[in-house]
Structures are given as C-alpha cells and as structure tokens.
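Participant: Here you go, one structure.
The values are calculated or read from the model by the stated rules, or taken from the named source; none is laboratory data. Treat the numbers as computed from the prediction; the structure is a model and nothing was measured. Neighbour counts run over all protein chains shown; Cβ positions are idealised from the backbone, glycine included.
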Amino acid sequence: MTAVLETPPTVVPSPPAARRARRQNRLAWIGRHSIAIALAVMFLTPVVYLVLISLMTSDQALTSDYWPNSWHPENYVRVFEVTPLPRYLLNTMLYALTATALMLLSSVPAAYALAKLRFRGRNLLFLVIICVMMLPPQVVTVPLYLMWARNGLTGSLWPLVIPTLFGDAFAIFLLRQFLLTIPQEYLDAAKVDGCGEWRTLIRVVLPMARPGIAAAGLFQFFYCWNDYYGPLLYTSENEQAWTLSLGLASFHSVHHVDWNLVIAATVLTMAPIIVVFFFAQRAFVQGVTLTGVKG
Amino acid sequence: MNTRIPRALFALGTAGVLTVGCTPAAQETKIAEPGAEVSGTVELWHFFTEREAAAIDTVVKEFETTHPKVKVTIKSGQDDSKVTQAIGAGNGPDIGLSYSTDIVGKFCSSGAWVDLTPYLTRDKVDLSGLNPTTRQYTEYGGKRCAMPFLADAYGMFYNKELFAKAGIAGPPKTLDELAAAAKKLTVRNPDGSLKRVGFLPLFDFYENAPSHLAPAVGATWLTADGKSAIGADPAWKTLLTWQKSLVDWYGYENLQKFRAGLGDEFSADNAFQKGQVAINVDAEYRLAFLADQAPELSYGVAPLPTTDPARYGGGYVTGNIVGISKNAKNPEAAWALIKYLTTDDNTIVKLANALRNLPTTTAATADPALKVDPAFKTFLDIFANPNSSTTPPSQSGPAYQETFQTFLTGWQAGKVSDLDAGLAEADKQVNSVMTLGG
Amino acid sequence: MSAQPLAIRIRRHATTLSFLAPALIGIVVFFGYPLVSAVYFSFTKFDLLSTPQWVGLANYRRMADDPFLLQSVRNTLWMVAVFVPVRIVSAIGLAVLLTQLKRGAGFFRTIFFLPSLAPPVAATIAFVYLLKPGTGPVNTALAHLGIDGPLWFSSPEWAKPSLVLLGLWGIGDLMVIFLAGVLGVPTSLYEAAALDGANAWHRFRYVTLPTIRPVILFAAVTGVIYTLQYFDQAAVAGSIASGQATTGGGISQSFGFPEGSTFTYPLWLYTVGFRYHALGYANALAVALFAVAFAVTVILLRRAKAFSGEETS
C-alpha cells in the first residue's frame, strides 16, 4: 500500500507559544489518530465479520455469535456446488472486459476531438454529452428495452455491451478533462513532423494519456462488474447470461436459510474487486480525483 | 453467443428506423385436422426451480417417448414478466407455465395467449371433468386461453401440541373462535414483548394476503363491470375490523418486532414449523415442507374459519396455468403437450404426487394412485367445496390486489382513522390502477 | 482559418468526423431515439401485447392521483434531503481528518476507500445481515451496551436511515474527491490565517470550505442525480428484509418493504413498466424524471466553471 498522498499542510507555530503548542499538538495527534483508528475499525468490521460468518455452520450463522464454533472453509466449495458461480464469473468478466475495451476504443477518439480539435458545435456537443452522462438510465429504459427485445437480444448481455461500441458519456467527459492537461506544444510538434490527427493521437497522445485512460477504463470495468440494474433488465430470463450481482441476489432468494453460504457467495463477489484495486490503486485514486476537481 | 452477432448488427441497423411500437399481428389460429400426428420442437417456459423443475422434466420426458417426433426444450425459472416481454417482443415461447392466475385477464383479452377452444372442440375434450374453480380462473371474457396445471387450496394449519397445552379442543371454526384461540395460545415475555403468537394477523405476513382470507368473510373484489367492489362490500369491513382488533390486542409494534425475528417462509425456520406461531393460513404444499423440514411437529389442518357457518369448508383456490403464445412457432405440438399435462389423468396424478399439489380433474382426484393422507384429503375437500373461490381475473393483472394490500399495510399500522373513507379511497386507487394496465 | 482551401477544410471535417462518428451514433441511437420514443409512448396506452393507443395527456393526469407515485416521490425526496448532505458532510470530515494525520494517511485512506468498491448487491446483502433485528451482530452489540436496537431494514422508520448507513460505508469515492480538493488548498492561505490567530475551526471555515466550494457543488449535483436513480440497494434490501422468496432473480413483489418505506421513484417506474407492463404510464414517469434530472444538470452547468468547455486553447 503506497501512499499517493502529498505532504499534508502543516502549520508552523510561532516561536513564543512553541512549547505549549507542541504539547497541544501531541494531544491533537493522539486524538486524530484515535478517531482515524476507530473509523477504520468501523469500516473494516463488516468485512471481517462477513468472513467469519461465511466460515460458520448454517445453524450458527443464524445465531448472534461472532466467532465460529468450528471452521468450515468447505462452505466456499459448497457455493460452487450449488450455483453456477464460474458461469456468473465468466459472464461478468466477459461483460466487464469487452465493455471496457470497446468503450475505450470508441471514447478516446471522441474525447480527443472534444479536447484538442476545433470544430463548429464543439461546445454544444460537449453539453449534450454532459446531459447524457447525467441522465438517469431509467428514463430511456423502456424504449431501449423494446428495441433490444424486438431484435431478439434480450436474454443476453449484448444490450449492455453493444452500446459501449458507441462511446460512453462519462468516459468521454473524464478523458476530455484529462486530455486538456496535455500541453498543445506536444501536438504541434507532432504535426510539424507530419503526423495526421490519428497518428498524433496514437503516437503522442495515447502514451501521455495513459493514466487518464487507465482511470476511465477502471471506472467502466467496475461499473460493469457491479452493475445490477442492467443485467436484471436484460438477462433475468436466461440464467446462462447472469452476472455475479444477479446471481448473488437470486442466490439469496433460493438459499436464504443458509446465511453462511449466502455470505460466502457475497465475499466471493467482493474479492476480485479488492484484488484489482490493490493492483490499480494509484490509477484509481487519480481517476476519482479527476472526476471532481478539474478546472 | 457468437451466432448473436449478426443479429446484433441487424439490431443496430434497424434501431434508428424503429419509432412506433409494432407488435406482430396476431396469427389466425389455423388448426390441423383431427388425428394428425404432431412433430417438431416445442419450447416450454416455466417458473419452477430445483426439485420441482426436475419433476416437470420427468413428465416431459415421458411425453417425448409417447410423441417420438416432438422434442421439448425447457427453460426453467421464468416469471410472468419475462413471458409477457417475450411475447410482446414477438419471440414468445410456444408454451408458458405461470404460477399466477392473475395474468389470465391480460393474456386472454390481448390475445397474447391463443384461444384454446378450437383445439378443445376438435379433440373433444370434456371440460366438465375439471374442478369448477379452476375452470373459472383459466378463462376471461368468454375466452379460454389457459388450462389449469395443478392447483392449490388454502386452509388453516394448527399446532396440536400447543392446542392441547392451552386446552383448546379443536380447530376454530369462526373468526371469533380464531381470535379467542389466538389470544389463549399467545405467550408474552416478562417485558411484554411476544414470545409466541397464536395467530399472526398482519396481512403481509407469509400467506395472509387478503385474497387468501377473503373466503372467511365471503368478500368480493370486483363488480360485474370490472370496478372495485371493496368499498361497497360490508364483508371487507368485517374482516378488517376483526383483524385490527386482534392486531391491537397484540400491539402493532410488538407484532412487527416479533415478525422481524422470524425465519423466512420457505425455509426450515418457517415460524409455524418452529412452533413460534400456533395457527397459520397456508396451502397444501406446506404438507411437503412439514414432512421434509419438521417431521416431529404434531399439527392438524382444517378449513379457514368463517363468519357464516354456511360457508364453512371452503377456501381460496388458485393454481398454475398454462397457455400457448400467439407467436408460438409450433402451436400444434404445444397443444399436444398441454393436453398431455392438463387432461391426462395419469400424468396429473404423477405430477400431483411429485409436487404434492392438488390434481385438477375429478377423475384424477378419485384415482387410487393418488397419494392421499388425511391432511391432504382436507385440502382436496376444500378444493371441491362449492364455497371455495378465487380472485377474479382482470385486464390489469394482480395490480388491484397489490393496491389494496398497500392500503391494508397502512390500515393495520393504524394510519387509517376512518375506515369508510379509507375504503372509498382504496376504491379510487384500485380503479385508477385498473385503468393503468392494458 | 477561413482562408483555407476547400479540399483541406473538407479533409479536416472528415478527420474530425472520424473521431466523433461512434459517439455521435451512440448519442442518437441510445439517447436521442429512446428519448423521443419515450415522449411518444408517454401519450399512449401500451401494454406490450397490443398496439399502442393514443390517449393524449391521460398518463400525465394519472400522475396527479397515483398514491404510489406520491409515496415514491416522498421517499426519493427524503433520500435527496438526507442522503446527499450526510454523505457530503461525512466525506469532507473524513478528507479533512486524513489531511491532519501525520502517520499512516495512505493506509487509512485505503481502508476508507475500499468499501466503496463493493458491488451494491453484495454490500446490501451484507448490511441486511449485519442489521438483522433478531440476531444480527449490530443489535447484539447494542444489547450488550444495554441499548434496545431498532428493527433497521424491517422498520418503516429505520429502513431509509439503514440505507443511508449503507451509503456511508461506501463513501470512499466521494472522500477521495474531497481529499484532492482539500489538498489543493494553497498552504500559504493556511499560514496567513494562522498568523491572524485563526484556530483550526476558523481555518476550516474560512479557508478550506470556500476553496472547495466548487467541489461541494459538484458533489451535491452528482449526488442528487445519483439519488434520483437509486435502485439496486433499495430493491435488494426490500426483498431480502421481507423474507419473501422471489423467483429467478426477477421482479420482486416485496419492493419497498416495509410499508413502502424503501419504494423509490425508479422502483415504481420499474414496477409500472416491467411488472404491470403499463408502458405508456411508465414512459410518462420517465419523462418526468428526465425533466427533473435535466433541471438539476442545468444548475450544474450554469454554476460550475469546470464544465464551460472553452477554458483551454
């Protein structure tokens, strides 16, 4: 876990009050760290607790015990026996990876055009993209559903994957904000060397924009991974196409007695996300930051 | 998955052009000559999962051996919404099997399921062999677009051991007796909270839906012209006043708290199975759960208590229904399978034995191969009782019941001060929601 | 620029278009078309099974006396009024706390951030379990302290606060945004304030807060938009807490449990559309939602400089 954090602003006390201030500072230091530790415990307890529950017997999981009487790691094996979890996992990965790849393919050029090319209607287009980004998906749900249903694509994840071929408003927004930070001089230099816009994008901009692209990609990936509404809408009739979230929600309705299994499945659903996070923490935090405070 | 790509591209091509909803035109039902052999594939969607789905598979296998030219593909775990959406999108399954009689109104009136009368006439199927209530909930507006596939009858389960302890001789037969027994059977903790409840009267508890309790007072839902009859029917007021006074006896808060600690209905922790609730309204399928999950429990079953002794013995009846989509690809083979599943007495007995549900034909009910014990017999009797009733089919499906249910949750929480005004308001809401669907 | 030869201009336009084509198609097909279509359907009666019938404004008039709509609007407004500010205040609090830590800031930040990545369905199931009224660990812990814990997801009064609690657990993403904002405050401002004798609260109130105002606005607007589409957690919490079985992961009758207290606007829209199949009315609800979301977006666009697209060149 590397800290990406810059040095916090420290306030230098004026000399006469230094000693008293130092003592006060020490107290404050202890106070702040105690609060932080208490909060960290609160954030972590649910996870630790869930892991413990997932290792109990199903009877004990219904009691108010905190600690397993006996350990049952085989609960995790059971989860695989009673659900097609690998299938859900595969679907979720396919969905998240394809959608991310296609989205980047279609959104990066658009973001580049919005950030660096001059054309009439650029601002208007950007406004439209912000509107699309802000639009609750429920607004267009019904007509889109009808469109996909008429073409026989409901019951699969295609209705969720295909649109990513045509750009994602949020990613375009995010990438544009990032590309704005690339100095124009680099692009001009490339043009002097005789590069067209596409070559400039691929040769010069892409390498420089890697952190932004990583962030946009991660967002899409996590969005798809966690998505419940989309798969519920389009795939609930076909169990073969279910994702983890959908499988988990319905796993509960079938196995709600076996809380130990339900919780084990929940832990299994959360685990991959956490692994990905530790590999991509830096890009992620940068990405989140980018969404909030540019300009 | 790959075969879908060309269709996906097609989808994109047409997406921009499509503006107006255009459901495929209903096909004229052209039916084959009598005696023609059926062939081809049939797609069957049903809602069952796990053990019950396996029972369906077995019976369908047998159908395939008797109809060697037909191949049946089954999709399990499909709810009504999915079937509706598939039919609306023009790719409905040949056969849909639903757990809810509430869709019949919509499916018949819109033609989403085809009228089965031509097939019935051609094959000379005698519908008088069907239980009358099941006949009622499978047609709408004079159109028979569904067939009943097993049935459920609702009655009362009571815990014999607790009854003996409380000194209650037998099952209560009137609502007043039920309330009295419920109070006697209830045990409180020293702090006043509930330890055991005689009868848990909340309308949103397990199977206590108003439709299941309506036969106790003989309450009606809809007028002949399809408007809400709730406000005008004094029977509802009787039921609601009775229920509220029992709720108040317990204390609404106490009941809520008690209920929050109970297990899920379809789990081994079902409150009746655990002895936490002494009397429970439930249907015959509970017998299979009891045998499986609580074999030690000593229980009895009886019809629902009533206000009028003349109505005693009846109860709420419902069941699964099955029909043919208007865009079925192979309606002839679909009908052959439906006929096999719903009119062949041997098959019905087999299914009833496997699922522990009620057989829908009189002949199957009398069949010696049907496994009948005294408890199951009680439900067969409720099923056959002329006082039994069901919820009327409506074009807007279950919306009217769900709307009333919402009113009831407010009512039992004490949020309705004037019952008459409240029921009038409920009428308005129901009528509004009735125009909504369809 | 206007002096360029025609051929070059055409080429330039063609290049620009090649960059934008996928996105333009996407906007038209997956935004423009469905939006127009939603408006059209909102004037019809359409049940998916028969052809749509033109009914004029009937669907909009129905909204006036739809008790469920009223309830769902109330719930959604409650969430907007409570959920959004609570999340923002807590996120700022956490961010400020992190900047004050001299040791382990990175560690704590990771801890606070991680839960925000948990899939909503998983997190909701976990919280319903943790907050189970009977034997759940939270109420057991409270009982040890002599407190009679509430019924959480099973009580109409506490169900929404429980959802807020769940939202606070996943506050990490918002916290990171504020963290960047707080760290972006120039140190010189703090030094100047310290010289004037400002205490920690004053420094926060008069230096930090004004500087991160744009971030707060951004968080408020996106928070409102997020709350308007709040679906997953409410849907899953209702069905699980009710203890009623649902088939095939499909639409649950137990949406809104208990007593409709978690019945949000999108849940009602979904129920009308995909359970009752009253698609005309569902589209009218969608159009109304669009109007509100659009208004909120316009506020954002007017207030936030960050979005004015022209500041580069």
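Participant: Considering B:342, B:390, which residue is among the polar types (S, T, N, Q), surrounded by 23 or more Cβ atoms within 10 Å (Cβ to Cβ) and either more than 20 Å from residue B:211 (Cβ to Cβ) or modelled with pLDDT of 90 or more (or both)? Spell out how you get there, then give the answer.
Facilitator: Details: B:390 fails: surrounded by 23 or more Cβ atoms within 10 Å (Cβ to Cβ).
Result of the check over B:342, B:390: B:342.
Participant: Which helices (runs of 4 or more DSSP H) does the range C:159-206 wholly contain that include 1 or more residues that are more than 9 Å from chain A (Cβ to nearest Cβ) and among the hydroxyl-bearing types (Ser, Thr, Tyr)?
Facilitator: Working: elements: C:159-169, C:172-183, C:187-195, C:200-203.
In the range C:159-206, C:159-169, C:187-195 are the helices (runs of 4 or more DSSP H) which contain 1 or more residues that are more than 9 Å from chain A (Cβ to nearest Cβ) and among the hydroxyl-bearing types (Ser, Thr, Tyr).
Participant: So, one more: Would you pick out the residues in the range B:342-370 that are in contact with a Pro (Cβ under 6 Å, 6 or more places away or on another chain) and either polar (S, T, N, Q) or outside any helix (DSSP H, G or I) (or both)?
Facilitator: If the condition is that a residue be in contact with a Pro (Cβ under 6 Å, 6 or more places away or on another chain) and either polar (S, T, N, Q) or outside any helix (DSSP H, G or I) (or both), then B:360, B:365 are the ones that fit.
Participant: Identify the single condition in (1) at pLDDT 85 or above; (2) more than 8 Å from every other protein chain (Cβ to nearest Cβ); (3) closer than 30 Å to residue A:64 by Cα that residue C:156 does not satisfy, given that it satisfies every other one.
Facilitator: Checking residue C:156 against (1) at pLDDT 85 or above; (2) more than 8 Å from every other protein chain (Cβ to nearest Cβ); (3) closer than 30 Å to residue A:64 by Cα, the one that fails is (2).
Participant: So, one more: Of everything in the range C:195-219 that's surrounded by 17 or more Cβ atoms within 10 Å (Cβ to Cβ) and free of Cβ contacts under 8 Å to residues at least 40 places away in the same chain, which residue is nearest to residue C:299 (Cα to Cα)?
Facilitator: That would be C:215.
Participant: Would the range A:253-261 turn up any residue that is more than 7 Å from every other protein chain (Cβ to nearest Cβ), at pLDDT 85 or above and in contact with a Ser or Thr (Cβ under 9 Å, 6 or more places away or on another chain)?
Facilitator: Looking through the range A:253-261, at least one residue is more than 7 Å from every other protein chain (Cβ to nearest Cβ), at pLDDT 85 or above and in contact with a Ser or Thr (Cβ under 9 Å, 6 or more places away or on another chain).
Participant: Right, something else. For the subset of the range B:212-249 comprising residues that are more than 30 Å from residue B:186 (Cα to Cα) and among the charged types (D, E, K, R), which member is modelled with the lowest pLDDT?
Facilitator: B:225
Participant: Run residue A:149 past the list (1) at pLDDT 85 or above; (2) over 21 Å from the mean Cα position of the chain (by Cα); (3) of a type in the set (A, V, I, L, M, F, W, C) and report the number of the one that doesn't hold.
Facilitator: Answer for residue A:149: the failing condition is (1).
Participant: Another question about this same structure. Tell me, please, whether a residue that is surrounded by fewer than 20 Cβ atoms within 10 Å (Cβ to Cβ) and hydroxyl-bearing (Ser, Thr, Tyr) can be found in the range B:163-176.
Facilitator: Yes.
Participant: Filtering the range C:116-139 down to residues that are in a loop (DSSP other than H, G, I, E, B) and more than 7 Å from every other protein chain (Cβ to nearest Cβ), which residue is modelled with the highest pLDDT? It would help to see each step written out before you state the result.
Facilitator: First, the residues of the range C:116-139 that are in a loop (DSSP other than H, G, I, E, B): C:118-119, C:131-136.
Filter once more, keeping what is more than 7 Å from every other protein chain (Cβ to nearest Cβ): C:131-132, C:136.
Working: C:131: 89, C:132: 84, C:136: 81.
Among them, the one singled out is C:131.
Participant: Can you pull out the residues in the range A:66-81 that are part of a helix (DSSP H, G or I) and surrounded by 15 or more Cβ atoms within 10 Å (Cβ to Cβ)? It would help to see each step written out before you state the result.
Facilitator: Here is the first cut: in the range A:66-81, the residues part of a helix (DSSP H, G or I) are A:74-81.
Result: A:75, A:76, A:78, A:79.
Participant: Checking the condition over 21 Å from residue B:397 (Cβ atoms) and assigned to a loop (DSSP other than H, G, I, E, B), which residue from B:170, B:198, B:155 passes?
Facilitator: Step by step, each of B:170, B:198, B:155 is checked, and only B:170 is over 21 Å from residue B:397 (Cβ atoms) and assigned to a loop (DSSP other than H, G, I, E, B).
Participant: While we're here: Which residue out of B:359, B:398, B:368 is surrounded by 18 or more Cβ atoms within 10 Å (Cβ to Cβ) and either over 30 Å from residue B:252 (Cβ atoms) or touching a Cys at 6+ places or on another chain (Cβ under 7 Å) (or both)?
Facilitator: On inspection, the qualifying residue turns out to be B:359.
Participant: Could you go through the range B:289-302 and let me know if any residue there is at pLDDT 95 or above, touching a Ser or Thr at 6+ places or on another chain (Cβ under 7 Å) and assigned to a strand (DSSP E or B).
Facilitator: yes
Participant: Then there is this: Suppose we keep only residues that are part of a loop (DSSP other than H, G, I, E, B) and at pLDDT 85 or above within the range B:401-438. Which one would you say is surrounded by the fewest Cβ atoms within 10 Å (Cβ to Cβ)? Talk me through it step by step, then tell me what you get.
Facilitator: The first filter runs over the range B:401-438 and keeps only residues part of a loop (DSSP other than H, G, I, E, B), leaving B:413-418, B:437-438.
Filter once more, keeping what is at pLDDT 85 or above: B:413-418.
Working: B:413: 16, B:414: 12, B:415: 12, B:416: 19, B:417: 7, B:418: 9.
That would be B:417.
Participant: Tell me the residue from B:114, B:125 that is β-branched (Val, Ile, Thr) and in contact with a Cys (Cβ under 7 Å, 6 or more places away or on another chain), please.
Facilitator: After applying the criteria, what remains is B:114.
Participant: What are the residues in the range B:257-266 that are touching a residue at least 12 places away in the same chain (Cβ under 8 Å) and facing another protein chain (nearest Cβ under 7 Å), if any?
Facilitator: Result: B:257, B:265, B:266.
Participant: For residue B:339, all conditions in the list (1) in contact (Cβ under 8 Å) with a residue 40 or more places away in the chain; (2) in contact with a Pro (Cβ under 7 Å, 6 or more places away or on another chain); (3) of a type outside the set (Val, Ile, Thr) hold save one; what is the number of the exception?
Facilitator: (2)
Participant: Please verify whether residue A:155 is within 14 Å of chain B (Cβ to nearest Cβ), at positive phi and not β-branched (Val, Ile, Thr), treating the condition exactly as stated. Before you say what the answer is, go through the steps one by one.
Facilitator: Values: within 14 Å of chain B (Cβ to nearest Cβ): yes; at positive phi: yes; not β-branched (Val, Ile, Thr): yes.
Judged against the criteria, residue A:155 is a match.
Participant: Kindly list the number of the only condition in (1) more than 7 Å from chain A (Cβ to nearest Cβ); (2) assigned to a helix (DSSP H, G or I); (3) not polar (S, T, N, Q) that fails for residue C:47.
Facilitator: For residue C:47, the failing item is (2).
Participant: Sticking with this structure for a sec: Here are some residues: A:216, A:209. Which one is more than 8 Å from chain C (Cβ to nearest Cβ), under 24 Å from the mean Cα position of the chain (by Cα) and crowded, with 23+ Cβ neighbours inside 10 Å?
Facilitator: Exactly one of A:216, A:209 is more than 8 Å from chain C (Cβ to nearest Cβ), under 24 Å from the mean Cα position of the chain (by Cα) and crowded, with 23+ Cβ neighbours inside 10 Å, namely A:216.
Participant: Listed residues C:39, C:28; which is in contact (Cβ under 8 Å) with a residue 24 or more places away in the chain and at the interface with chain A (Cβ under 10 Å from one of its Cβ atoms)?
Facilitator: Step by step, each of C:39, C:28 is checked, and only C:39 is in contact (Cβ under 8 Å) with a residue 24 or more places away in the chain and at the interface with chain A (Cβ under 10 Å from one of its Cβ atoms).
Participant: From C:81, C:91, grab the single residue that is modelled with pLDDT of 90 or more, within 29 Å of residue A:243 (Cβ to Cβ) and more than 7 Å from chain A (Cβ to nearest Cβ).
Facilitator: C:91
Participant: Still on this structure, please answer the following. Report yes if some residue within the range A:168-175 is at the interface with another protein chain (Cβ under 7 Å from one of its Cβ atoms), part of a helix (DSSP H, G or I) and closer than 14 Å to residue A:113 by Cα; otherwise report no.
Facilitator: yes
Participant: Looking at the range A:130-144, can you tell me whether even one residue there is over 23 Å from the mean Cα position of the chain (by Cα), away from chain C (no Cβ under 12 Å) and either crowded, with 23+ Cβ neighbours inside 10 Å or closer than 26 Å to residue C:13 by Cβ (or both)?
Facilitator: The answer is no, given that none of the residues of the range A:130-144 is over 23 Å from the mean Cα position of the chain (by Cα), away from chain C (no Cβ under 12 Å) and either crowded, with 23+ Cβ neighbours inside 10 Å or closer than 26 Å to residue C:13 by Cβ (or both).
Participant: Okay, moving on. Have a look at B:156, B:147 and point out the one that is closer than 23 Å to residue B:240 by Cβ and touching a strand residue (DSSP E or B) at 6+ places or on another chain (Cβ under 6 Å).
Facilitator: Sole residue among the options that is closer than 23 Å to residue B:240 by Cβ and touching a strand residue (DSSP E or B) at 6+ places or on another chain (Cβ under 6 Å): B:156.
Participant: Further question on the same structure: Mind checking which pairs have a first residue in the range B:36-48 that is of a type in the set (Val, Ile, Thr) and a second that is at pLDDT below 90, Cβ under 9 Å, 6 or more apart or different chains?
Facilitator: That search, which allows pairs on different chains as well, returns B:38/B:32.
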